[in-house]
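See structure below.
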Amino acid sequence: MTQHAHHAPRRVAIYARYSTDMQNPKSVEDQFRLAERYAAREGWVVVERFSDRAISGTASHDRADFLRLMDALVAKDRTFDIVLAESLDRVSRDAEHLARFSKLAIHARVEIHTVDRGKADALAVNLSSLLSGMFLEKLSATVHRGIEGNVSRGLSGGGRIYGYKPGTDQRGAPLKGQLAIDEIEAAVVRSIFRDYAAGISPIKIATRLNGEGIASPSVGSERESSGHWKQNTINGNRGRGTGIINNELYIGRRIWNRLRYSKDPHTEKRTSTLNPESQWQTVEVPDLRIIDQELWDAVKARQAALAKRKSTLESTDRNHLSTGQALRRRKYLLSGLLQCGQCGGNMTVAGAAKYKTYYCANAKEKGPSVCAGFRGLRESVALPLVLDGLRSELMKPQAYAAFRESFHKRLEASQGASVDALQLHDARVRKLETTQRNLVRAVEEGKFAAAIIDRLNAVDAELKDLRGKRDEIVPSTVELPENLPELYLAMISDLASSLSDEAVAGRAADELHEIIDRVVVHWDGAAYGHRLEMSGNVLEMLRKSAPRELEAVSGVILGEVGCGSRI
């Protein structure tokens with residue numbers, strides 16, 4: 001009797017994938033069904049199934065089941081002989097990834113088959129890699145061209161932008177590519193800009209927003225995030241236009257194609273590089289403006305001042321010393337401000353405590369070939385002269401007029417802040433009221449868990465507290481204080497004492513450098529002595545001595561009065 005050998009059926013692992021959540025999730029099941037039908041026709045047994053959903057075929061690190069398939073492929077106790085997919089581009093659209101997968105399969109003596117082409121040999125893998133690369137390149141160009149067209153027509157370039165919501169027509173139906181201002185988020189944006197312009201650091205702004213329970217821009221996005229505000233969310237990168245305070249859409253200007261995004265071949269993470277400005281596309285969209293120009297300019301001015309100070313800290317002074325060291329060493333209000341009227345070099349202080357005197361550094365350290373120098377200027381003489389000069393400038397009628405106008409604008413701005421604060425307060429109340437209703441409904445349905453009762457009591461207490469504070473937030477009428485002239489004079493009279501205080505001299509000196517450009521010291525001979533010439537925006541000095549009655553002054557630039565005084 002003839003005996004026939006019976007071979008065990010070949011074992012198959014199926015891999016399926018679809019790219020984005022825009023595609024039908026049933027696509028995986030459809031791919032499984034086609035592959036199972038193919039395996040049955042070949043007499044194979046399906047032993048394992050692997051799938052990745054809503055993940056690009058160019059990624060590998062993010063595809064959990066693809067990585068699991070790779071591990072199973074090289075495992076000693078491998079349970080399959082064939083990997084079967086609908087097509088090779090389901091395995092990967094990345095030529096490098098597909099080539100590596102093919103090499104591992106060959107080494108493990110595992111065949112790769114596809115429903116549409118059968119067994120995938122080296123030629124099929126290489127051809128698929130070439131076609132996938134061409135497909136991705138064409139797809140990228142097509143998408144880029146489509147977005148560029150939308151932006152040129154005033155539409156959104158895609159992505160969620162904090163402060164805005166999808167636009168709708170009169171019936172409430174969504175309008176593709178249209179944005180509308182989200183008034184609640186816009187109020188948050190304005191509060192961030194006001195705080196930053198007032199000198200509050202991004203980390204303190206973030207702390208305030210987190211303390212108020214305001215959700216960050218990452219909430220509701222695809223990014224993995226704690227949902228908390230961070231200083232980088234606010235500060236971002238000025239050159240790249242990232243961060244709340246750098247988004248020009250807030251002043252009604254949409255800039256697209258500022259950045260180019262690509263995948264780092266080493267980390268496979270999406271990275272960005274700055275495109276040349278000539279490639280940027282700018283479209284004015286005034287209907288989307290949230291921040292007025294004056295506030296935007298104030299924020300940009302503060303950023304520029306901070307950038308200048310940072311660059312100064314990283315550079316060297318005229319004496320070839322680290323400027324950062326020079327700034328850190330400041331013990332006197334005029335440190336680094338006095339310049340020699342003969343050579344333009346810095347003046348340095350020397351001498352015992354009671355006899356501190358400013359000399360030209362070039363004359364003292366480099367000799368008469370660089371600067372002949374002149375008689376030293378006592379620090380005890382120079383400081384009163386500069387402060388008297390500041391007071392004289394501030395006593396001029398035009399200085400008070402500029403102060404009054406700027407103070408009135410500040411009050412109006414603070415009223416706008418109160419309006420935004422009221423909006424945020426009422427939005428918080430509405431959110432808590434919704435939570436309260438849901439908790440009460442849960443209790444009524446018989447869910448008497450202690451956690452629910454505790455949460456309901458906490459919400460009730462918070463609602464009571466917020467409702468009690470509402471009257472304090474309602475904006476009041478803008479009125480200038482009746483004693484504004486007296487308060488102005490009080491600030492001027494207190495200027496010398498507040499700036500001369502040794503406890504604040506170092507900090508005040510740093511701020512003085514941002515206000516006064518320089519104080520040039522001239523020597524007019526023994527008969528006339530020293531003459532000081534000061535240039536800068538002296539009205540800013542008022543915020544150093546603002547009394548409590550003018551809280552609106554604190555931390556803001558009141559105005560600019562050009563000063564080129566002789567003292």
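The values are calculated or read from the model by the stated rules, or taken from the named source; none is laboratory data. Since this is a predicted model, take the numbers as computed values, not measurements. Backbone-built Cβ (ideal geometry, glycine too); neighbour counts: all protein chains shown. These accessible areas exclude ligands, DNA and RNA; they are computed on the full protein's heavy atoms, side chains included. Shrake-Rupley method; radii C 1.70, N 1.55, O 1.52, S 1.80 Å.
Given the Cα-Cα distance of Arg309 and Thr434 and 0.36 nm per residue of separation, how much length would full extension add, in nm?
Working: separation 125, 0.36 × 125 = 45.00 nm, distance 4.81 nm.
Full-extension gain reported as 40.2 nm.
Along the Cα-to-C-beta direction of Asp426, a point sits 7 Å from the Cα; which residues of the range 183-212 have their amide N less than 20 Å from that point?
183-192
Can you work out the FRET efficiency for the pair Leu175 and Arg391, with r the C-beta to C-beta distance and R0 = 60 Å, to the nearest 0.05?
On the way: r = 59 Å, r/R0 = 0.98.
Between Leu175 and Arg391 the formula returns 0.50.
Please give, to one decimal in nm, the separation of the simple spin-label points placed at Glu444 and Val283, each 7 Å out from Cα toward the Cβ.
Roughly 4.7 nm, to one decimal.
Could you please put Lys464, Lys300, Lys76, Lys269 in sequence from largest to smallest accessible area, using a 1.4 Å probe? Display every interim value, and only then the final one.
Numbers: Lys464 160, Lys300 35, Lys76 215, Lys269 120 Å².
In descending accessible area the options line up as Lys76, Lys464, Lys269, Lys300.
Gain in length, Gln398 to Leu130, computed as 0.36 nm per residue apart minus the alpha-carbon separation, to one decimal in nm? Walk me through the intermediate numbers first.
Values: separation 268, 0.36 × 268 = 96.48 nm, distance 7.34 nm.
Length gained between Gln398 and Leu130: 89.1 nm.
Could I have the simple spin-label model distance between Ser201 and Asn257, label points 7 Å from Cα toward Cβ, reported in nm to one decimal?
4.0
Quick one: net charge of Pro276's neighbours, Cβ under 12 Å, K/R +1, D/E -1?
Numbers: positive: Arg258, Arg260; negative: Glu277.
Around Pro276, the charge tally is +1.
Using 0.36 nm per residue, how much length does the chain from Arg117 to Asp71 gain when fully extended, once their Cα-Cα distance is taken away? Walk me through the intermediate numbers first.
Working: separation 46, 0.36 × 46 = 16.56 nm, distance 2.51 nm.
14.1 nm is the gain from fully extending Arg117 to Asp71.
Can you give the accessible area of Trp229 in Å² (nearest 10), computed on protein heavy atoms with a 1.4 Å probe?
10
Could you sort His113, His530 by their accessible area in this structure, using a 1.4 Å probe and putting the largest first?
Details: His113 15, His530 45 Å².
Heavy-atom accessible area, descending, gives His530, His113.
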